[in-house]
Every structure is written in structure tokens, then in C-alpha cells.
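*Asks:* My structure is below; once you've seen it, I'll send some questions.
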Amino acid sequence: MMKRHVIFLSILSISIWSCSSKTYIADLDVNTSEISQDYQEDAEIASLIEPYKKEVTAQMVEIIGTLDKKLTKRRPNSNLGNWFADALKDESSRLYKKQIDFAVQNYGGIRIPSVSAGEITVGKIFELMPFDNKLLILECDGATVKKLTDRIAEKGGWPISAGLTFTIVDEHSEDVKINGEAIDMSATYIAAIPDYIANGGDNCEFLLDMKRYDTEKYVRDIVIEHLRREYKEGETQMADPSKRIAIKK
Amino acid sequence: MTINRRQFIENSILTGVGLSTGILGKLPTEKVLPKLCILHTNDVHSRIEPFPMDGGRNQGLGGAARRAALIKKIRSEEQNVLLLDSGDIFQGTPYFNFFGGELEIKLMSQMGYDLATIGNHDFDGGIDGLHKQLPHANFDFVSANYNFDNTILNGKVNSHKIFNKAGLKVGVFGLGIELNSLVPKELYKETQYLDPLIQGQKIASRLKNDEKCDLVICLSHLGYNYRDNKVSDVVLAQNTSDIDIILGGHTHTFMSKPDIRRNTKGEEVIINQVGWAGIMLGRLDIEFEHAKKGKCVSCKNSLINS
């Protein structure tokens, strides 16, 4: 039916060729294709990819950890978020050589919904965190930490490490506690935060003025190093279901 | 959409008009307007290989080598093919982290991409990272609303490009999204973002009226549509004129068929976007006419699975 249609249209256009200089769309046929497994691979393109693929694969398959339970990403808390933020806190404490009070990771920065139990590869961490964001250590006054927890509350909850707890009440934070104690607005706290947020991303521009120390390492690499070290030490990554952010309805 | 084309043609045939033009059409001296086949991708995000078979929603889909095979097949059947990309070529798999986009650009060159615009993630390796990959591209990048004058890309990115396909003049320009708060400043540096509606209108008018292009296409990385008034493909379509087709990106929208909107002159603008990750290859086959009948668009979107 469509074919006949098209033929008639070309005939029609010929008759008007000399009458007008402008061109108009006479017929649009949309045929979007899904690139499924049924398509053969183009050999030239496959051979162009091959050496790159080899190099990527060799590094991606390295096993750097084992996980006791499946980790799933959820708001306001999740075992995946807890695990990720705790890894940042632990590893950055080593880098900074001082105790870090807490770590924060923006929810959108974690790019896969879950990590299966069992072996963890480098490739999995790349999927989890493809962005080349660096980790910064910030010295924040209590009032700024409160602004941050308010922002996290407004966004429905982000991954936060052990050491920080609060309650979401009507899209803001209440009962903020650091290391088990009520937040002191004039005290200084040390936080590990990806540069994306520390530089004002996700409406966290209030962090821009905070004194900072650059770890000069990607968030992803910090997690990979953390896993590698604990794997070498024979430790299994444990899912932690603790509720660091409560919601008051 | 505007006219029931088939009915019009069938009426013409009944009244004998169709028959007489049919005879004219057989004269050897008659010129036939060429047909154009536009292929397009957006937000491929460094998906070189198909999604792994891990039970995920997209498992087994996509892959540059398969896309290339399909493009080759279409080229063997169609004479006037334009292959276009609407940005966010980079970021999303380790291929980008390892090689900075080199393979992505080399593959697009080999597949014969004609033109691309710049997405926000194409700045993820910094504007210097993007500049570094340009020697691997045998196609151009266009943007009409990023001013690169005070950057390393100065003189390397034009607002538009005009293609001549069997006598058809096709003008293609690019539009990019606001970078502030989306991309760290240290990555895009002194790139200046200009109003896409003003710049888009300016270049579209120039292409349509001064350059006398038969077709004006916008490669957009603005995003399909937003709940608020943020500038998008829909806002662009409705508040400008002289753009025929907007091939979009950024919002990773899988459109089951193109969205048709009216521009400020009441003419139809076709908006299409094909998801992300190279899962789909968009294809618009266009036939032209010289009579202003208003665009008659008969869109069907068939998902070819084999």
C-alpha cells in the first residue's frame, strides 16, 4: 500500500516541477530500527574495535572483592548507598590521614540499580561510577552541614556514610547527628564529597566556599583501591541495611 | 496530518489528472526530485559493544559493529543518505575512561557519519579532550549557540553545514544545552552559551531564505520536552520558523513516532529522537514536491527486529 502511495507522489511532483522553485516535504516514511542481536556485525568495524576491546577487557575482568548479599540502590537509604559512602569514608580517611566525619555521594552519580552478590570486578565499579569525578575533603562548619542535609532531604535522600544521621521532615532535615551527637552549628566537620557536589552541582553551591583538600583521585579509583585492599586482606564486603536517614510523616 | 494525501491522489486519478501527469513522467527529459534518506543517532554514550547479557532491560541490544552493518546495507539500497548524530557521543563505558573518546570518533568516521553536534557529556574529557579527538574525525561538528572564540575549539566548529545531495540542498545546524550547572566550568572553560531560540532562528532563516536550502535540519542536544518552560525541541519548534526537522537528544527519549508541531508560520516541524546507547538507528525517508500543499506526513514507526 505504502509503495503504491510513494509512486503516485513522485508522478504528482513531476507535473509541478516547473511551477515552483521551493521544495516541500511530500512524504515522510519513518523506519527506526532496533539494533538487535539478529544483525550481523560489520567485520571492518569489529576489527577496529578489537585491540581496544582487548585492553579494556583485560582490566575489567579483574576480581577485586566479594560481596555477601545483593546491593540495591534506593531512597532515602539503601545497602548499596551505605556501602558506597562507607567505602569513600574509610578510604579517604587513609588518604587524608585524619578521621573523616562522614562521606556523601549524590544519588544520580551511582549509575546502576544493583550489584549482585559474589565476586566484584573492576568493570562493575566502572558501571557503578562511570564519571571521572574526583573526591574532595571539605572542612565544613555545622551550619553548612545542615544546609547539605537539607538539600539531601529535599532531593529525597542520598547515600551517606556511617557517622551522619538525620530525619527528613517536609523536605528538610531535622535531628541531624554527627558521630551520634547533635550537630553543633559552629563546630568544624570533615566530609568526603565528590567534586561534582563540592563544586556546586545539584544545587550545592553553598559548598563552594568551604576549605578543601583535593585527593586528586577519582571516586571510582578510590572505591576500587578500597576493594582491592580488603580483598587482599581476605575481607568480604558486607551489606549494611542500617537506616541513616529516617522519614517523619 | 494536514491533508489526507491518499484521498487527494485517488481523487486526482479519478478526475484524470493523475493519468495525464503519468504520461509526462515518462518523458526522458523530465527531472525527478531526489529522495533523501536521513539516518540518525543520539546519546550513544560510548556504547561500543552491545549491552551485556546480564538480565538487564537492554541486554543484547546496540553495538557499533551491528549498527555499521545496517548502515552499510541501507547505503547499498539508497543513493542519498545523510548520517547524523545529536551529541553525547562520549561517556558511559570504560572505553571513554581509557581512550578519551578516540574509538568512538574513529568508528563514526569509518561508518561515514556526515555531521554531529556537541552534547554536554562531550565536554567530560574537558574541551581539550574533545579537541584532542578531532583529528580522528573525518566529519564536522556543528553548533550555532556555543561560542568557542575564546577556547581551543576556535575556528574548528561551524554553526552549520550545507550538503548537496543529487541537487537537493540540505542545511544542517547544531544547538546545544546550557552548560552552566550541568558541566563543571573547568571542563567547558570559556565556551559561551547563547540563546538557542535566537541563534536557531537566525541560522535557520539564513539556510532557508538566503542559502535557499530545500530542507533545514537542526541537530539538537536541548532535550525533547520539559514540564517547565525550559528550552527544548518542542519549544524550539513552536517558537521559530524555517526549521523542517529537529533531530534531538539529551533526554534519551525513545519516540514511537515523530512529534509534529506547528512553527510560528503554522508550518509543520518534525521532531524525532531515538533513545540512547545506539540501541536504535533512526531513519527518515523523505520525498519532496514543489507545490506548497503543506507538509503531508504519513509517519509509521516500524521497529525492525531482524
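*Asks:* Quick one: 3J(HN,Hα) in Hz for the stretch B:97-103, Karplus 6.51/-1.76/1.60 with θ = phi - 60°, rounded, Gly and Pro as x.
*Replies:* Result, ordered by residue: 4, 7, 10, x, x, 4, 5 Hz.
*Asks:* Got a sec to turn the phi values of the stretch A:226-238 into Karplus ³J(HN,Hα) couplings, 6.51 cos²θ - 1.76 cosθ + 1.60 with θ = phi - 60°, whole Hz, x for Gly and Pro?
*Replies:* 4, 5, 4, 5, 5, 5, 4, 7, x, 8, 9, 6, 10
*Asks:* Classify the stretch B:130-236 as rounded, prolate or oblate, taking a ≥ b ≥ c as the square roots of the eigenvalues of its Cα gyration tensor: rounded when a/c is under 1.5, otherwise prolate if a/b is larger than b/c and oblate if not.
*Replies:* On the way: a/c = 2.07, a/b = 1.21, b/c = 1.71.
Judged from the Cα gyration tensor, the stretch B:130-236 comes out oblate (a/c at least 1.5, b/c at or above a/b).
*Asks:* Within the stretch B:40-147, which chymotrypsin sites (Phe, Trp or Tyr not before Pro) sit in a loop by DSSP and count at most 14 neighbouring Cβ atoms inside 10 Å?
*Replies:* Values: sites: B:Phe90, B:Tyr95, B:Phe96, B:Phe98, B:Phe99, B:Tyr113, B:Phe123, B:Phe139, B:Phe141, B:Tyr146; in loops: B:Phe90, B:Tyr113, B:Phe139.
Within the stretch B:40-147, no chymotrypsin sites (Phe, Trp or Tyr not before Pro) qualify (loop, at most 14 other Cβ atoms within 10 Å).
*Asks:* In Å, what Rg and Dmax follow from the Cα atoms of the stretch B:33-303?
*Replies:* Final numbers for Rg and Dmax: 17.6, 53 Å.
*Asks:* Given labels modelled 7 Å from the Cα in the Cβ direction, how far is it in nm from B:Asp195 to B:Ser181?
*Replies:* Placing both labels 7 Å along Cα→Cβ, they lie 1.9 nm apart.
*Asks:* Something else about it: Pull out a ≥ b ≥ c, the square roots of the eigenvalues of the alpha-carbon gyration tensor of chain A, then state rounded if a/c is under 1.5, prolate if not and a/b is larger than b/c, and oblate in the remaining case. Can you show the working numbers first?
*Replies:* Values: a/c = 2.75, a/b = 1.81, b/c = 1.52.
Since a/c reaches 1.5 and a/b is larger than b/c, the shape of chain A is classed as prolate.
*Asks:* Take every residue in peptide B:32-38, count the Cβ atoms of other chains within 10 Å of its Cβ, and give the average of those counts.
*Replies:* Values: counts 5, 8, 0, 5, 1, 2, 2.
Mean number of neighbouring Cβ atoms from other chains: 3.
*Asks:* Setting aside same-chain residues fewer than 8 positions from A:Lys248, which lysines have a Cα under 18 Å from its Cα?
*Replies:* Cross-link targets: A:Lys146, A:Lys155, A:Lys177.
*Asks:* Now a separate question. Using Cα springs under 10 Å in a Gaussian network model of chain A, which residue among A:Asn199, A:Asn133, A:Asn179 shows the largest mean-square fluctuation?
*Replies:* Per the Cα network of chain A with a 10 Å cutoff, A:Asn179 tops the list.
*Asks:* Could you please put B:Trp276, A:Trp158 in sequence from largest to smallest accessible area, using a 1.4 Å probe?
*Replies:* Details: B:Trp276 70, A:Trp158 10 Å².
The residues order as B:Trp276, A:Trp158, largest area first.
*Asks:* Another question about this same structure. On average, how much accessible surface per residue is there in the protein assembly as shown, in Å², for a 1.4 Å probe, leaving out ligands, DNA and RNA? Please list the in-between numbers first.
*Replies:* Values: 23960 Å² over 555 residues.
I get 43 Å² per residue for this part.
*Asks:* For a test of the definition: using alpha carbon positions, the gyration tensor, and the 1.5 limit on a/c, classify the protein assembly as shown as rounded, prolate or oblate.
*Replies:* Details: a/c = 2.44, a/b = 2.05, b/c = 1.19.
Prolate is the answer for the protein assembly as shown, as a/c is 1.5 or above and a/b outweighs b/c.
*Asks:* For A:Gln237, what charge total do you get from the other residues with a beta carbon under 15 Å from its beta carbon, if Lys and Arg give +1 and Asp and Glu give -1? Mind showing how you got there, number by number?
*Replies:* Values: positive: A:Lys69, A:Lys70, A:Lys89, A:Lys124, A:Arg228, A:Arg229, A:Lys232; negative: A:Asp68, A:Asp86, A:Asp90, A:Glu91, A:Glu119, A:Glu225, A:Glu230, A:Glu233, A:Glu235, A:Asp240.
Neighbourhood net charge equals -3.
*Asks:* Using 0.36 nm per residue, how much length does the chain from B:Gln79 to B:Arg262 gain when fully extended, once their Cα-Cα distance is taken away? Kindly include the intermediate steps, with their values, before the conclusion.
*Replies:* Working: separation 183, 0.36 × 183 = 65.88 nm, distance 3.03 nm.
Here the answer is 62.9 nm.
*Asks:* Give the long-range amide H neighbours of A:Ile247: residues separated by 5 or more places, or on another chain, with amide H under 5 Å away, using H modelled in the peptide plane at 1.01 Å from N.
*Replies:* A:Ile168
*Asks:* Set the bar at 29 Å for Cα to Cα. Now go through A:Lys70/A:Lys97; A:Lys147/A:Lys249; A:Lys70/A:Lys217; A:Lys134/B:Lys189; A:Lys134/B:Lys202 and name every pair that lies beyond it. Intermediate values should be presented prior to the final figure.
*Replies:* Working: A:Lys70/A:Lys97 31 Å; A:Lys147/A:Lys249 21 Å; A:Lys70/A:Lys217 27 Å; A:Lys134/B:Lys189 18 Å; A:Lys134/B:Lys202 40 Å.
Over 29 Å apart, Cα to Cα: A:Lys70/A:Lys97; A:Lys134/B:Lys202.
*Asks:* Roughly what would the spin-label model give for B:Lys212 and B:Ala166, points 7 Å off Cα along C-beta, in nm?
*Replies:* Using points 7 Å along Cα→Cβ, the separation is 2.1 nm.
*Asks:* In square angstrom and rounded to 100, what buried accessible area do you get between chains B and A, total over both, with the probe at 1.4 Å?
*Replies:* Details: alone 15830 and 15130 Å², together 23960 Å².
Buried: approximately 7000 Å² between A and B.
*Asks:* If you take every residue apart from B:Lys156 with its C-beta less than 15 Å away from the C-beta of B:Lys156, what net charge results, scoring Lys and Arg +1 and Asp and Glu -1?
*Replies:* Values: positive: B:Lys132, B:Lys161, B:Lys189; negative: B:Asp122, B:Asp128, B:Asp140, B:Asp149, B:Glu190.
Local net charge: -2.
*Asks:* In square angstrom, rounded to the nearest 10, how much accessible surface does B:Glu190 have for a 1.4 Å probe?
*Replies:* Using a 1.4 Å probe on the heavy atoms, I get roughly 100 Å².
*Asks:* Continuing with this model, one more query. If you build a Gaussian network model of chain A, linking Cα atoms that sit under 10 Å apart, which residue out of A:Leu48, A:Leu80, A:Leu164 swings the most?
*Replies:* Comparing A:Leu48, A:Leu80, A:Leu164 in the GNM, the peak value goes to A:Leu48.
*Asks:* Express as a percent, rounded to the nearest 5, the fraction of DSSP beta bridges in the stretch B:33-303 (both residues included) that run antiparallel. Display every interim value, and only then the final one.
*Replies:* Working: 18 of 41 bridges.
Bridges in the stretch B:33-303 that DSSP calls antiparallel: roughly 45 percent.
*Asks:* Given only helices, namely DSSP H runs of n ≥ 4 each adding -39500 (n - 2.57), what is the per-residue ellipticity at 222 nm of the protein assembly as shown, to the nearest 500 deg cm²/dmol?
*Replies:* Details: 16 runs with 166 residues, N = 555.
Taking each H run of at least 4 residues, the total per residue is -9000 deg cm²/dmol.
*Asks:* Rounded to whole Hz and in sequence order, give me ³J(HN,Hα) for the stretch A:136-149 from the Karplus expression 6.51 cos²θ - 1.76 cosθ + 1.60, θ = phi - 60°, writing x for Gly and Pro.
*Replies:* These are the phi-based 3J(HN,Hα) values: 10, 9, 10, 9, 10, 6, x, 4, 6, 4, 5, 4, 5, 5 Hz.
*Asks:* While we're on this one: Sequence-distant or interchain residues sharing an amide H contact under 5 Å with B:Lys165, placed H: which?
*Replies:* For B:Lys165, the qualifying residues are B:Val170.
*Asks:* Of all accessible surface on chain A at a 1.4 Å probe, what whole percent is carbon and sulfur? Write out the running numbers ahead of the final one.
*Replies:* Values: 5700 of 11560 Å².
On chain A, the fraction of accessible area on carbon and sulfur atoms equals 49 percent.
*Asks:* If you take every DSSP beta bridge whose two residues both sit in the protein assembly as shown, what share of them, in percent to the nearest 5, is antiparallel?
*Replies:* Details: 52 of 83 bridges.
If I count the DSSP bridges inside the protein assembly as shown, around 65 percent turn out antiparallel.
*Asks:* Work out the mean other chain Cβ neighbour count within 10 Å for the residues of A:177-186 and drop it here as an integer.
*Replies:* Working: counts 0, 0, 0, 0, 0, 0, 0, 0, 0, 0.
For peptide A:177-186, the averaged partner shielding equals 0.
*Asks:* Counting Lys and Arg as +1 and Asp and Glu as -1, what is the net charge of the other residues whose Cβ lies under 10 Å from the Cβ of A:Thr165?
*Replies:* Numbers: positive: A:Lys177, A:Lys243, A:Arg244; negative: A:Asp175.
My count for the surroundings of A:Thr165 gives +2.
*Asks:* Take chain A, connect every pair of alpha-carbon atoms lying under 10 Å apart with a spring to form a Gaussian network, then pick out the residue of A:Ala182, A:Ala85, A:Ala43 with the largest mean-square fluctuation.
*Replies:* Evaluated over chain A, the most mobile residue of the options is A:Ala43.
*Asks:* Could you tell me what percent of the accessible area of the stretch B:134-248 is made up of carbon and sulfur, with a 1.4 Å probe and every protein chain present? Please list the in-between numbers first.
*Replies:* On the way: 2130 of 4910 Å².
About 43 percent, which is the carbon plus sulfur part of the accessible surface.
*Asks:* Ignoring ligands, DNA and RNA, how do B:Met53, B:Met255 rank by accessible area with a 1.4 Å probe, largest first? Mind dumping the intermediate values first?
*Replies:* Details: B:Met53 120, B:Met255 25 Å².
My answer, sorted largest first, is B:Met53, B:Met255.
The values are calculated or read from the model by the stated rules, or taken from the named source; none is laboratory data. As the structure is a prediction and not an experimental result, all values here were calculated from the model. Note that each Cβ is placed from the backbone with ideal geometry, even for glycine, and that neighbours are counted across all protein chains shown. With ligands, DNA and RNA removed, areas are computed over all heavy atoms of the protein, side chains included. Shrake-Rupley method; radii C 1.70, N 1.55, O 1.52, S 1.80 Å.
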